[in-house]
Ligand code: CP
Ligand code: NVA
């Protein structure tokens, strides 16, 4: 693994290896403590974050790495200095750059200008680190990824794009229910369909029926706040509530990358359901990011 901008940058084998390593790290963190001592990484944030910021910072420290959290308010990438020049300066100090941006092309511009690995910590297009933690959560719970039927309900943007690619690359199938105009891009669907089945519908009941995993994300992503009222109307029929979750397999689990907007895309009842694994999933961001660092820098 050199860069990780899109889930499609990983082969199915590389993805499975990362998930296996994440589970090993989770079960025996002491075995990896200090494994990358002496390295330094940058964790660059243009957007807000809780899970990604704290889990990547702590993952680095536990591996012996010095993390430098960089907020774009202090840097001015795109206004004070170009993404290329920011990257070329940072690579003189740092062994790897994790970056959370709005525009995915900013990541590509940095990547094109530097020799150190660049890891996407969320762009408007993809969220590959989240998808690896999601696979780990599914694999830990069911004991396998092969044959998993996942229903994704909601906006087919960044989190969904990486998730669909990840599930299909590891032997699962996906059913997406989105309002018209909010489906995953044709490019994402085409790439995923080379590995598994991806059905797209406007009917959430049809998508969830018998599913092993029911997954949703916010209706209004960071940067889309001006559209929030309109989106609440367009997505109203796509809430994951008790009635919808009941249609999943009796052993089906609920996942959400978080943050959740309770009462919008998901109800309290489903968030707090015994088969909701959202906080295990959040914890796995820590273990899986260690796996990413060990692979990229090991
Ligand atoms: N799931 C996730 O990436 O959370 P944050 O936006 O809080 O980092
Ligand atoms: N789709 C959400 C994911 C947050 C982790 C967003 O982009 O805001």
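Coordinate-derived values only; no laboratory data. Remember, predicted model here, so these are calculated numbers, not experimental data. Cβ sites come from the backbone with ideal geometry, for glycine too, and all protein chains shown count toward neighbours.
Among 160-169, 21-30, the peptide with the highest mean count of other Cβ atoms within 10 Å heads the list, and the full ranking is 160-169, 21-30.
Note on residue 82/residue 58: beta-carbon distance plugged into 1/(1 + (r/R0)^6) with R0 of 25 Å gives a FRET efficiency of 0.20. With a Förster radius of 25 Å applied to the C-beta separation of residue 209 and residue 180, the computed FRET efficiency comes to 0.80.
Between residue 146 and residue 224, the contour length at 0.36 nm per residue exceeds the alpha carbon distance by 24.6 nm.
Using a cut-off of under 20 Å, list every residue of region 273-298 whose amide N is near the label point 7 Å from the Cα of residue 69 along the Cα-to-beta-carbon line. Residues passing the 20 Å test: 282-293.
Computed over region 214-298, relative contact order equals 33 percent, with contacts defined as Cα pairs under 8 Å that lie 6+ residues apart. The value of relative contact order for the chain, using C-alpha pairs under 8 Å at least six residues apart, is 20 percent.
In this rough spin-label picture, where each label sits 7 Å from Cα along the Cβ direction, the residue 202-residue 37 distance is 6.0 nm.
In percent, rounded to a whole number, the relative contact order of region 141-298 is 21, using alpha-carbon pairs under 8 Å and six or more apart. A Förster distance of 22 Å, applied to the separation of the beta-carbon atoms of residue 193 and residue 105, puts the FRET efficiency at 0.30. Based on alpha-carbon centroids, what's the gap between region 140-188 and region 246-298 in Å, whole number please? Result: 14 Å between the Cα centres. To the nearest ten degrees, helix 104-113 and the longest principal axis of the Cα atoms of the chain are 30 degrees apart.
Note on residue 93 and residue 275: their simple-model spin labels are 4.9 nm apart, each label 7 Å out from Cα toward Cβ.
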